[in-house]
Amino acid sequence: MQIDTAQLTALAIEIAKILAAAVCILVFILLVVLYVVLKLRWVIARIQSRLGPNRTGPWGVLQTVADAIKLFQKEDIIPRGADRWLFTIAPAIVFIPAYVVYVVIPFGKGLTVRPLDVGVVYVTAISSISIIGIITAGWASNNKWSLLGAFRAASQLIAFEVPVILAMCIPVLLSGSLNLDVIVQKQAGSIRDWNLFNAFPMCQIACLMLLIAGLAEANTTPFDLMEAESELVAGFNTEYSGMKFALFFLAEFAEAFTLSALLVTLFLGGYNPPVHFLGGGLTGYWFSLVSLVWFLVKCWLVVVLILWIRSTFPRVRIDQLMNLSWKGLVPVGLANLLVTGAYVGLWVAR
Amino acid sequence: MLAKDFLAVGVFIIVGIVFVAVTLIASYLFRPYNPSGEKLRTYECGEIPLGPAWLQFRVGYYVYALIFLIFDVEAAFIFPWAAALLGFSRTKTLAVLGIIDMVIFVGVLALGLVYAWKKGVLEWK
(Lines give C-alpha, C1' and ligand atoms only; values in the text may rest on other atoms or scores of the structure.)
Protein backbone atom coordinates (compact mmCIF):
# COMPACT_ATOMS: atom_id res chain seq x y z
CA MET A 1 0.00 0.00 0.00
CA GLN A 2 1.24 3.43 -0.86
CA ILE A 3 1.46 5.91 1.97
CA ASP A 4 0.05 9.29 1.10
CA THR A 5 1.64 12.20 2.98
CA ALA A 6 -1.47 14.39 2.78
CA GLN A 7 -3.65 11.61 4.17
CA LEU A 8 -1.17 10.93 6.93
CA THR A 9 -1.08 14.61 7.90
CA ALA A 10 -4.88 14.71 7.93
CA LEU A 11 -4.91 11.65 10.18
CA ALA A 12 -2.38 13.22 12.53
CA ILE A 13 -4.43 16.42 12.76
CA GLU A 14 -7.55 14.33 13.40
CA ILE A 15 -5.86 12.41 16.21
CA ALA A 16 -4.52 15.63 17.72
CA LYS A 17 -8.03 17.13 17.71
CA ILE A 18 -9.54 14.06 19.38
CA LEU A 19 -6.69 14.01 21.88
CA ALA A 20 -7.38 17.61 22.82
CA ALA A 21 -11.09 16.82 23.20
CA ALA A 22 -10.29 13.73 25.27
CA VAL A 23 -8.11 15.71 27.65
CA CYS A 24 -10.76 18.46 27.91
CA ILE A 25 -13.42 15.89 28.78
CA LEU A 26 -11.15 14.20 31.32
CA VAL A 27 -10.61 17.53 33.05
CA PHE A 28 -14.34 18.26 32.80
CA ILE A 29 -15.18 14.92 34.46
CA LEU A 30 -12.69 15.56 37.26
CA LEU A 31 -14.16 19.02 37.91
CA VAL A 32 -17.74 17.72 37.72
CA VAL A 33 -16.98 14.94 40.19
CA LEU A 34 -15.29 17.37 42.59
CA TYR A 35 -18.33 19.64 42.34
CA VAL A 36 -20.99 16.91 42.56
CA VAL A 37 -19.42 15.37 45.68
CA LEU A 38 -19.34 18.80 47.31
CA LYS A 39 -22.92 19.53 46.22
CA LEU A 40 -23.97 16.12 47.56
CA ARG A 41 -22.57 16.95 50.96
CA TRP A 42 -24.14 20.40 50.95
CA VAL A 43 -27.56 19.13 49.86
CA ILE A 44 -27.61 16.24 52.35
CA ALA A 45 -26.44 18.56 55.12
CA ARG A 46 -29.16 21.08 54.32
CA ILE A 47 -31.86 18.41 54.21
CA GLN A 48 -30.67 17.01 57.54
CA SER A 49 -30.47 20.52 59.09
CA ARG A 50 -26.68 20.47 59.33
CA LEU A 51 -24.14 22.93 58.00
CA GLY A 52 -22.10 20.60 55.83
CA PRO A 53 -18.54 21.37 54.72
CA ASN A 54 -17.87 25.10 55.31
CA ARG A 55 -14.34 25.30 56.69
CA THR A 56 -11.97 24.54 53.81
CA GLY A 57 -11.78 27.61 51.59
CA PRO A 58 -14.66 30.06 51.11
CA TRP A 59 -17.99 28.26 51.89
CA GLY A 60 -16.06 25.00 52.00
CA VAL A 61 -15.51 24.86 48.22
CA LEU A 62 -12.03 23.40 48.64
CA GLN A 63 -13.29 20.47 50.74
CA THR A 64 -13.33 17.90 47.93
CA VAL A 65 -10.02 19.19 46.56
CA ALA A 66 -8.52 18.57 49.98
CA ASP A 67 -10.13 15.10 50.06
CA ALA A 68 -8.66 14.30 46.66
CA ILE A 69 -5.16 15.41 47.71
CA LYS A 70 -5.46 13.36 50.86
CA LEU A 71 -6.55 10.25 48.94
CA PHE A 72 -3.63 10.85 46.58
CA GLN A 73 -1.04 10.47 49.35
CA LYS A 74 -2.70 7.60 51.22
CA GLU A 75 -0.84 4.33 51.61
CA ASP A 76 -1.89 1.69 49.10
CA ILE A 77 -2.69 -1.52 50.97
CA ILE A 78 -2.96 -4.80 49.09
CA PRO A 79 -4.11 -7.52 51.49
CA ARG A 80 -1.91 -10.59 51.81
CA GLY A 81 -4.38 -13.04 50.29
CA ALA A 82 -5.34 -10.85 47.33
CA ASP A 83 -4.59 -11.43 43.69
CA ARG A 84 -2.20 -8.48 43.21
CA TRP A 85 -2.57 -8.00 39.47
CA LEU A 86 -6.35 -8.23 39.28
CA PHE A 87 -6.56 -6.07 42.39
CA THR A 88 -4.61 -3.33 40.62
CA ILE A 89 -6.32 -3.62 37.23
CA ALA A 90 -9.91 -3.64 38.58
CA PRO A 91 -10.18 0.14 39.26
CA ALA A 92 -9.03 0.81 35.71
CA ILE A 93 -11.67 -1.55 34.28
CA VAL A 94 -14.32 0.33 36.24
CA PHE A 95 -13.07 3.85 35.48
CA ILE A 96 -12.14 3.67 31.80
CA PRO A 97 -15.63 2.68 30.48
CA ALA A 98 -17.22 5.41 32.63
CA TYR A 99 -14.93 7.85 30.83
CA VAL A 100 -15.07 6.41 27.30
CA VAL A 101 -18.89 6.76 27.27
CA TYR A 102 -18.41 10.53 26.98
CA VAL A 103 -17.36 10.16 23.32
CA VAL A 104 -21.02 10.36 22.25
CA ILE A 105 -22.53 12.75 24.80
CA PRO A 106 -23.76 15.86 22.94
CA PHE A 107 -22.59 18.72 25.16
CA GLY A 108 -23.83 21.32 22.71
CA LYS A 109 -24.47 21.97 19.04
CA GLY A 110 -21.41 20.55 17.30
CA LEU A 111 -19.77 19.84 20.65
CA THR A 112 -19.95 16.04 20.51
CA VAL A 113 -16.55 14.40 20.30
CA ARG A 114 -17.89 11.94 17.74
CA PRO A 115 -21.65 11.52 17.14
CA LEU A 116 -21.58 7.77 16.51
CA ASP A 117 -24.56 6.36 14.63
CA VAL A 118 -24.85 3.60 17.22
CA GLY A 119 -24.84 6.15 20.08
CA VAL A 120 -27.48 4.61 22.35
CA VAL A 121 -26.18 1.06 21.91
CA TYR A 122 -22.65 2.32 22.46
CA VAL A 123 -23.60 3.93 25.77
CA THR A 124 -25.32 0.81 27.13
CA ALA A 125 -22.61 -1.52 25.84
CA ILE A 126 -19.63 0.44 27.14
CA SER A 127 -21.12 1.33 30.50
CA SER A 128 -21.89 -2.32 31.26
CA ILE A 129 -18.18 -3.21 31.03
CA SER A 130 -17.84 -1.68 34.51
CA ILE A 131 -19.61 -4.75 35.93
CA ILE A 132 -16.61 -6.87 34.96
CA GLY A 133 -14.34 -4.51 36.87
CA ILE A 134 -16.55 -4.69 39.96
CA ILE A 135 -16.62 -8.50 39.93
CA THR A 136 -12.84 -8.49 39.40
CA ALA A 137 -12.36 -6.15 42.36
CA GLY A 138 -14.55 -8.27 44.64
CA TRP A 139 -12.92 -11.51 43.61
CA ALA A 140 -9.32 -10.26 43.70
CA SER A 141 -9.68 -8.84 47.22
CA ASN A 142 -10.14 -12.36 48.63
CA ASN A 143 -12.43 -10.85 51.25
CA LYS A 144 -15.88 -12.20 52.08
CA TRP A 145 -17.42 -8.75 52.29
CA SER A 146 -15.96 -7.77 48.94
CA LEU A 147 -17.08 -10.94 47.21
CA LEU A 148 -20.62 -10.69 48.60
CA GLY A 149 -20.74 -7.04 47.60
CA ALA A 150 -19.48 -7.84 44.12
CA PHE A 151 -22.11 -10.54 43.56
CA ARG A 152 -24.84 -8.24 44.79
CA ALA A 153 -23.50 -5.46 42.59
CA ALA A 154 -23.42 -7.68 39.52
CA SER A 155 -26.94 -9.01 40.02
CA GLN A 156 -28.24 -5.49 40.64
CA LEU A 157 -26.46 -3.98 37.65
CA ILE A 158 -27.59 -6.66 35.22
CA ALA A 159 -31.14 -6.55 36.58
CA PHE A 160 -31.42 -2.84 35.87
CA GLU A 161 -29.58 -2.97 32.57
CA VAL A 162 -32.75 -4.35 30.95
CA PRO A 163 -35.13 -1.53 32.06
CA VAL A 164 -32.52 1.02 30.99
CA ILE A 165 -32.42 -0.51 27.52
CA LEU A 166 -36.21 -0.69 27.27
CA ALA A 167 -36.60 2.92 28.40
CA MET A 168 -33.96 4.16 25.96
CA CYS A 169 -35.79 2.47 23.09
CA ILE A 170 -38.73 4.90 23.40
CA PRO A 171 -36.89 8.08 22.27
CA VAL A 172 -35.12 5.94 19.67
CA LEU A 173 -38.50 4.83 18.27
CA LEU A 174 -39.83 8.38 18.21
CA SER A 175 -36.82 9.88 16.44
CA GLY A 176 -35.97 6.87 14.30
CA SER A 177 -32.28 7.05 15.09
CA LEU A 178 -29.75 5.68 17.56
CA ASN A 179 -27.55 8.74 17.14
CA LEU A 180 -27.78 10.94 20.24
CA ASP A 181 -27.20 14.12 18.21
CA VAL A 182 -30.11 13.30 15.90
CA ILE A 183 -32.34 12.56 18.91
CA VAL A 184 -31.48 15.99 20.31
CA GLN A 185 -32.07 17.74 16.98
CA LYS A 186 -35.54 16.17 16.74
CA GLN A 187 -36.40 17.90 20.01
CA ALA A 188 -35.40 21.36 18.77
CA GLY A 189 -37.87 24.19 19.11
CA SER A 190 -39.47 24.91 22.44
CA ILE A 191 -40.21 23.00 25.61
CA ARG A 192 -43.25 21.35 23.98
CA ASP A 193 -41.00 19.55 21.51
CA TRP A 194 -39.06 17.76 24.23
CA ASN A 195 -39.62 14.05 24.47
CA LEU A 196 -40.77 14.45 28.06
CA PHE A 197 -43.88 16.29 26.81
CA ASN A 198 -44.38 14.07 23.80
CA ALA A 199 -46.40 10.86 23.27
CA PHE A 200 -48.33 10.82 26.56
CA PRO A 201 -48.02 8.56 28.59
CA MET A 202 -45.33 6.38 26.98
CA CYS A 203 -42.50 8.91 27.14
CA GLN A 204 -43.23 9.87 30.73
CA ILE A 205 -43.20 6.20 31.79
CA ALA A 206 -39.94 5.68 29.91
CA CYS A 207 -38.39 8.76 31.51
CA LEU A 208 -39.37 7.61 35.00
CA MET A 209 -38.06 4.12 34.22
CA LEU A 210 -34.75 5.50 33.04
CA LEU A 211 -34.48 7.61 36.19
CA ILE A 212 -35.25 4.70 38.55
CA ALA A 213 -33.15 2.13 36.71
CA GLY A 214 -30.39 4.66 36.17
CA LEU A 215 -30.26 5.40 39.90
CA ALA A 216 -29.85 1.67 40.47
CA GLU A 217 -27.13 1.50 37.81
CA ALA A 218 -25.34 4.48 39.30
CA ASN A 219 -25.58 2.91 42.77
CA THR A 220 -27.15 5.91 44.52
CA THR A 221 -29.02 5.73 47.76
CA PRO A 222 -32.38 4.08 47.44
CA PHE A 223 -30.46 1.36 45.59
CA ASP A 224 -26.97 1.54 47.08
CA LEU A 225 -27.07 -2.10 48.15
CA MET A 226 -23.68 -2.94 46.75
CA GLU A 227 -22.10 -0.44 49.09
CA ALA A 228 -24.56 -0.71 51.99
CA GLU A 229 -22.20 0.62 54.67
CA SER A 230 -24.25 -0.83 57.51
CA GLU A 231 -24.53 -4.32 56.01
CA LEU A 232 -21.54 -5.13 53.85
CA VAL A 233 -18.94 -2.73 55.31
CA ALA A 234 -18.32 -1.14 51.92
CA GLY A 235 -19.15 -3.83 49.40
CA PHE A 236 -16.76 -4.71 46.61
CA ASN A 237 -14.25 -1.95 47.47
CA THR A 238 -13.80 -2.86 51.16
CA GLU A 239 -10.08 -3.59 50.78
CA TYR A 240 -9.29 -0.63 48.55
CA SER A 241 -7.48 2.45 49.77
CA GLY A 242 -5.74 5.50 48.36
CA MET A 243 -5.75 6.20 44.65
CA LYS A 244 -7.40 2.92 43.66
CA PHE A 245 -10.36 3.70 45.88
CA ALA A 246 -10.39 7.21 44.41
CA LEU A 247 -10.77 5.71 40.93
CA PHE A 248 -13.86 3.72 41.99
CA PHE A 249 -15.23 6.86 43.56
CA LEU A 250 -14.51 8.87 40.43
CA ALA A 251 -16.20 6.28 38.23
CA GLU A 252 -19.29 6.20 40.42
CA PHE A 253 -19.84 9.95 40.24
CA ALA A 254 -18.91 10.10 36.56
CA GLU A 255 -21.65 7.51 35.98
CA ALA A 256 -24.12 9.58 37.98
CA PHE A 257 -23.36 12.54 35.73
CA THR A 258 -23.68 10.32 32.65
CA LEU A 259 -27.15 9.37 33.87
CA SER A 260 -28.21 12.99 34.14
CA ALA A 261 -26.65 13.76 30.75
CA LEU A 262 -28.61 10.87 29.21
CA LEU A 263 -31.87 11.95 30.83
CA VAL A 264 -31.30 15.45 29.48
CA THR A 265 -30.33 14.20 26.02
CA LEU A 266 -33.12 11.66 25.57
CA PHE A 267 -36.04 13.37 27.31
CA LEU A 268 -35.28 16.97 28.27
CA GLY A 269 -34.39 18.33 24.86
CA GLY A 270 -30.64 17.94 25.15
CA TYR A 271 -28.84 21.20 24.51
CA ASN A 272 -31.91 22.95 23.04
CA PRO A 273 -33.13 26.04 24.91
CA PRO A 274 -36.59 25.65 26.51
CA VAL A 275 -38.05 28.70 24.78
CA HIS A 276 -37.04 30.06 21.42
CA PHE A 277 -36.06 33.58 22.48
CA LEU A 278 -33.47 32.26 24.99
CA GLY A 279 -30.99 31.39 22.28
CA GLY A 280 -32.97 29.38 19.74
CA GLY A 281 -32.45 31.99 17.02
CA LEU A 282 -28.66 32.06 17.30
CA THR A 283 -26.35 30.39 14.81
CA GLY A 284 -22.76 29.24 14.57
CA TYR A 285 -20.39 29.51 17.51
CA TRP A 286 -22.84 31.57 19.55
CA PHE A 287 -25.42 28.82 19.44
CA SER A 288 -22.75 26.25 20.38
CA LEU A 289 -21.91 28.30 23.44
CA VAL A 290 -25.51 28.94 24.46
CA SER A 291 -26.47 25.30 23.90
CA LEU A 292 -23.53 24.18 26.07
CA VAL A 293 -24.80 26.45 28.83
CA TRP A 294 -28.33 25.04 28.49
CA PHE A 295 -27.04 21.48 28.56
CA LEU A 296 -25.06 22.14 31.74
CA VAL A 297 -27.97 23.96 33.41
CA LYS A 298 -30.31 21.05 32.70
CA CYS A 299 -27.73 18.51 33.87
CA TRP A 300 -27.26 20.53 37.04
CA LEU A 301 -31.00 20.41 37.73
CA VAL A 302 -31.12 16.64 37.17
CA VAL A 303 -28.06 16.16 39.41
CA VAL A 304 -29.75 18.16 42.17
CA LEU A 305 -32.87 16.01 41.72
CA ILE A 306 -30.73 12.86 42.07
CA LEU A 307 -29.06 14.23 45.20
CA TRP A 308 -32.46 15.15 46.63
CA ILE A 309 -33.70 11.59 46.03
CA ARG A 310 -30.48 10.29 47.49
CA SER A 311 -30.88 12.19 50.74
CA THR A 312 -34.60 11.48 51.13
CA PHE A 313 -35.27 7.79 50.48
CA PRO A 314 -34.35 4.86 52.72
CA ARG A 315 -32.45 1.94 51.23
CA VAL A 316 -34.54 -0.88 49.73
CA ARG A 317 -34.00 -4.56 50.57
CA ILE A 318 -32.32 -6.78 48.01
CA ASP A 319 -35.44 -8.87 47.28
CA GLN A 320 -37.46 -5.66 46.82
CA LEU A 321 -34.75 -4.41 44.49
CA MET A 322 -34.75 -7.52 42.30
CA ASN A 323 -38.56 -7.65 42.25
CA LEU A 324 -38.75 -3.99 41.27
CA SER A 325 -36.72 -4.74 38.18
CA TRP A 326 -37.83 -8.19 37.03
CA LYS A 327 -41.46 -8.08 38.13
CA GLY A 328 -42.09 -4.35 37.81
CA LEU A 329 -39.97 -2.40 35.36
CA VAL A 330 -39.28 -5.17 32.82
CA PRO A 331 -42.95 -6.09 32.11
CA VAL A 332 -43.95 -2.42 32.08
CA GLY A 333 -41.04 -1.64 29.78
CA LEU A 334 -41.96 -4.40 27.33
CA ALA A 335 -45.60 -3.28 27.21
CA ASN A 336 -44.49 0.33 26.82
CA LEU A 337 -42.22 -0.68 23.94
CA LEU A 338 -45.07 -2.35 22.04
CA VAL A 339 -47.51 0.51 22.61
CA THR A 340 -44.96 3.08 21.50
CA GLY A 341 -44.13 0.94 18.47
CA ALA A 342 -47.79 0.86 17.47
CA TYR A 343 -48.08 4.60 18.08
CA VAL A 344 -45.03 5.37 15.96
CA GLY A 345 -45.96 2.97 13.17
CA LEU A 346 -49.64 3.84 12.87
CA TRP A 347 -49.76 7.47 14.02
CA VAL A 348 -46.48 9.41 13.94
CA ALA A 349 -45.43 8.23 10.50
CA ARG A 350 -48.85 8.97 8.94
CA MET B 1 -15.92 6.91 7.95
CA LEU B 2 -16.51 4.02 10.33
CA ALA B 3 -12.81 3.68 11.10
CA LYS B 4 -12.64 7.44 11.67
CA ASP B 5 -15.60 7.27 14.07
CA PHE B 6 -14.07 4.59 16.21
CA LEU B 7 -10.68 6.27 16.11
CA ALA B 8 -12.13 8.62 18.74
CA VAL B 9 -13.11 5.66 20.92
CA GLY B 10 -9.61 4.25 20.59
CA VAL B 11 -8.00 7.56 21.54
CA PHE B 12 -10.32 7.85 24.56
CA ILE B 13 -9.41 4.35 25.75
CA ILE B 14 -5.71 5.16 25.46
CA VAL B 15 -6.12 8.49 27.29
CA GLY B 16 -8.07 6.64 30.00
CA ILE B 17 -5.32 4.04 30.41
CA VAL B 18 -2.65 6.74 30.51
CA PHE B 19 -4.63 8.71 33.11
CA VAL B 20 -5.03 5.68 35.38
CA ALA B 21 -1.36 4.74 34.99
CA VAL B 22 -0.15 8.29 35.65
CA THR B 23 -2.27 8.76 38.77
CA LEU B 24 -1.27 5.38 40.20
CA ILE B 25 2.43 5.94 39.49
CA ALA B 26 2.34 9.55 40.72
CA SER B 27 0.67 8.55 43.97
CA TYR B 28 3.25 5.74 44.30
CA LEU B 29 5.93 8.47 44.42
CA PHE B 30 4.16 10.43 47.14
CA ARG B 31 2.54 7.86 49.40
CA PRO B 32 4.14 6.13 52.39
CA TYR B 33 4.79 2.39 52.44
CA ASN B 34 4.82 0.79 55.89
CA PRO B 35 3.23 -2.62 55.62
CA SER B 36 2.66 -4.66 58.76
CA GLY B 37 1.08 -8.03 59.41
CA GLU B 38 -2.04 -6.51 60.92
CA LYS B 39 -2.49 -4.04 58.10
CA LEU B 40 -2.18 -6.61 55.35
CA ARG B 41 -4.67 -9.01 56.93
CA THR B 42 -8.00 -9.40 55.16
CA TYR B 43 -10.49 -7.05 56.77
CA GLU B 44 -13.31 -8.77 58.59
CA CYS B 45 -14.24 -6.16 61.17
CA GLY B 46 -11.29 -7.12 63.39
CA GLU B 47 -11.94 -10.87 63.47
CA ILE B 48 -9.20 -13.23 62.30
CA PRO B 49 -10.55 -14.43 58.92
CA LEU B 50 -11.35 -18.14 58.70
CA GLY B 51 -10.50 -19.72 55.38
CA PRO B 52 -10.35 -18.03 51.97
CA ALA B 53 -13.20 -15.97 50.54
CA TRP B 54 -13.11 -17.80 47.22
CA LEU B 55 -16.09 -19.95 48.07
CA GLN B 56 -18.93 -21.41 46.07
CA PHE B 57 -21.66 -18.88 45.38
CA ARG B 58 -25.40 -19.29 45.36
CA VAL B 59 -26.95 -20.70 42.21
CA GLY B 60 -29.57 -17.93 42.37
CA TYR B 61 -27.09 -15.43 40.98
CA TYR B 62 -26.46 -17.74 38.05
CA VAL B 63 -30.15 -18.02 37.20
CA TYR B 64 -30.55 -14.26 37.25
CA ALA B 65 -27.53 -13.96 35.00
CA LEU B 66 -29.10 -16.43 32.56
CA ILE B 67 -32.38 -14.50 32.41
CA PHE B 68 -30.41 -11.30 31.91
CA LEU B 69 -28.50 -12.88 29.05
CA ILE B 70 -31.75 -13.61 27.21
CA PHE B 71 -32.94 -10.04 27.61
CA ASP B 72 -29.58 -8.60 26.66
CA VAL B 73 -29.43 -10.59 23.44
CA GLU B 74 -32.98 -9.46 22.76
CA ALA B 75 -31.80 -5.84 23.09
CA ALA B 76 -29.51 -6.47 20.13
CA PHE B 77 -32.68 -7.13 18.06
CA ILE B 78 -34.89 -4.44 19.61
CA PHE B 79 -32.47 -1.54 19.04
CA PRO B 80 -32.25 -1.90 15.24
CA TRP B 81 -36.02 -2.42 15.09
CA ALA B 82 -36.61 0.72 17.14
CA ALA B 83 -34.27 2.76 14.98
CA ALA B 84 -35.76 1.52 11.68
CA LEU B 85 -39.48 1.50 12.45
CA LEU B 86 -40.11 5.20 11.81
CA GLY B 87 -38.47 5.00 8.40
CA PHE B 88 -40.32 1.80 7.43
CA SER B 89 -43.66 3.17 8.55
CA ARG B 90 -43.99 5.43 5.51
CA THR B 91 -45.54 2.34 3.90
CA LYS B 92 -48.53 1.18 5.90
CA THR B 93 -48.02 -2.54 5.20
CA LEU B 94 -44.43 -2.42 6.43
CA ALA B 95 -45.51 -0.55 9.57
CA VAL B 96 -48.15 -3.16 10.42
CA LEU B 97 -45.72 -6.00 9.63
CA GLY B 98 -43.03 -4.39 11.80
CA ILE B 99 -45.38 -4.03 14.73
CA ILE B 100 -46.73 -7.60 14.41
CA ASP B 101 -43.17 -8.92 14.25
CA MET B 102 -42.27 -7.17 17.45
CA VAL B 103 -45.50 -8.31 19.17
CA ILE B 104 -44.56 -11.93 18.40
CA PHE B 105 -40.93 -11.39 19.45
CA VAL B 106 -41.79 -9.66 22.72
CA GLY B 107 -44.62 -12.15 23.28
CA VAL B 108 -42.22 -15.11 23.22
CA LEU B 109 -39.87 -13.20 25.49
CA ALA B 110 -42.66 -12.30 27.92
CA LEU B 111 -43.76 -15.97 27.96
CA GLY B 112 -40.24 -16.86 29.07
CA LEU B 113 -40.40 -14.25 31.82
CA VAL B 114 -43.82 -15.53 32.96
CA TYR B 115 -42.46 -19.09 32.98
CA ALA B 116 -39.48 -18.06 35.12
CA TRP B 117 -41.83 -16.12 37.40
CA LYS B 118 -44.22 -19.08 37.84
CA LYS B 119 -41.27 -21.44 38.38
CA GLY B 120 -40.29 -19.24 41.31
CA VAL B 121 -36.78 -18.40 40.09
CA LEU B 122 -37.48 -14.70 40.53
CA GLU B 123 -37.95 -15.16 44.29
CA TRP B 124 -34.91 -13.92 46.18
CA LYS B 125 -34.33 -16.43 48.96
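Each of B:Gln56, B:Tyr28, B:Thr93 was scored by the projection of its Cα onto the charge dipole of segment B:7-118, and the greatest displacement toward the positive side belongs to B:Thr93; charges sit on the C-beta of Lys, Arg, Asp and Glu.
Neighbouring Cβ atoms from other chains, within 10 Å of the Cβ of residues in B:102-112, number 2 on average. The accessible surface of chain B, taken with every protein chain in place and a 1.4 Å probe, is 73 percent carbon and sulfur. Solvent-accessible area per residue in the protein assembly as shown equals 47 Å², computed with a 1.4 angstrom probe and all protein chains kept. Normalising the average separation of contacting C-alpha pairs (under 8 angstrom, six or more residues apart) by the number of residues puts the relative contact order of segment A:77-348 at 26 percent. In segment A:236-278, burial by the other protein chains removes 40 Å² or more of 1.4 Å probe accessible surface, compared with the chain on its own, from A:Met243, A:Leu247. Where the centroid of each part is defined by its Cα atoms, how far is segment A:308-333 from segment B:1-72 in Å? If you average the Cα positions of each part, the centres end up 26 Å apart.
Along the axis of the charge dipole computed for segment A:93-207 (Cβ charges of +1 for Lys and Arg, -1 for Asp and Glu, origin at the Cα centre), the listed residues A:Ser141, A:Phe197, A:Ser128 are led at the positive end by A:Ser141.
Buried accessible surface for the A/B chain pair comes to about 6900 Å², total over both chains, computed with a 1.4 Å probe. The rule of thumb for compact globular proteins, 2.2 N^0.38 Å, goes into the C-alpha radius of gyration of segment B:7-118 1.95 times. Note on chain A: with a GNM built from Cα contacts shorter than 10 Å, the maximum mean-square fluctuation among A:Val293, A:Val23, A:Val302 falls on A:Val23.
Straight-line cross-link reach from A:Lys109 at under 12 Å between alpha-carbon atoms covers these aspartates and glutamates, not counting any fewer than eight positions away in the same chain: A:Asp181. Computed over segment A:249-350, the P(r) curve from all C-alpha pair distances, binned at 5 Å from the origin, holds 2, 11, 11, 13, 17, 16, 14, 9, 5, 2, 0 percent per bin. The candidates B:Trp54, A:Trp294, A:Trp286, arranged from most to least accessible area with a 1.4 Å probe in the full protein assembly, appear as A:Trp286, B:Trp54, A:Trp294.
When the convex hull of the C-alpha atoms of segment A:181-337 is computed, what volume per residue in Å³ does it have? Spell out each step's value before the answer.
Details: hull volume 20.7 nm³, N = 157.
Roughly 132 Å³ of hull volume per residue.
Across the accessible surface of chain A, with the other protein chains kept in place and a 1.4 Å probe, carbon and sulfur atoms take up 70 percent.
Which order do you get for A:Ser141, A:Ser288 if you rank them by accessible area with a 1.4 Å probe, largest at the top? Could the numbers behind the result be given before it?
Values: A:Ser141 0, A:Ser288 20 Å².
From most accessible down to least: A:Ser288, A:Ser141.
Just checking the listed ones, A:Thr56, A:Thr124, A:Thr88: in the Gaussian network model of chain A with Cα springs under 10 Å, the one fluctuating most is A:Thr56.
Considered as an equivalent ellipsoid built on the Cα gyration tensor, segment A:43-171 has semi-axes of 29, 26, 17 Å, the largest given first.
Once the Kirkwood radius over Cα pairs is known for segment A:77-348, the Stokes-Einstein relation at 25 °C and 0.890 mPa s delivers a diffusion coefficient of 127 µm²/s. Residue order by solvent-accessible surface for B:Lys92, A:Lys298 is B:Lys92, A:Lys298, largest first, with ligands and nucleic acids left out and a 1.4 Å probe. The GNM of chain B, with springs linking C-alpha atoms under 10 angstrom apart, assigns the highest mean-square fluctuation among B:Leu69, B:Leu29, B:Leu40 to B:Leu29. Placing unit charges on the Cβ atoms of the charged side chains and taking the dipole of segment A:77-348 about its Cα centre, the candidate lying farthest along the positive direction among A:Met209, A:Phe87, A:Ser177 is A:Ser177. Rounded to the nearest 20 debye, the dipole size of chain A about its Cα centre is 720 debye, using +1 on the Cβ of Lys and Arg and -1 on the Cβ of Asp and Glu.
The values are calculated or read from the model by the stated rules, or taken from the named source; none is laboratory data. Bear in mind the structure is a predicted one, so any value in this text is a computation, not a measurement. So basically every Cβ, Gly included, is an ideal-geometry build from the backbone, and we count neighbours across all protein chains shown. We work out accessible area using only protein heavy atoms, side chains counted, and drop any ligands, DNA or RNA first. Shrake-Rupley method; radii C 1.70, N 1.55, O 1.52, S 1.80 Å.
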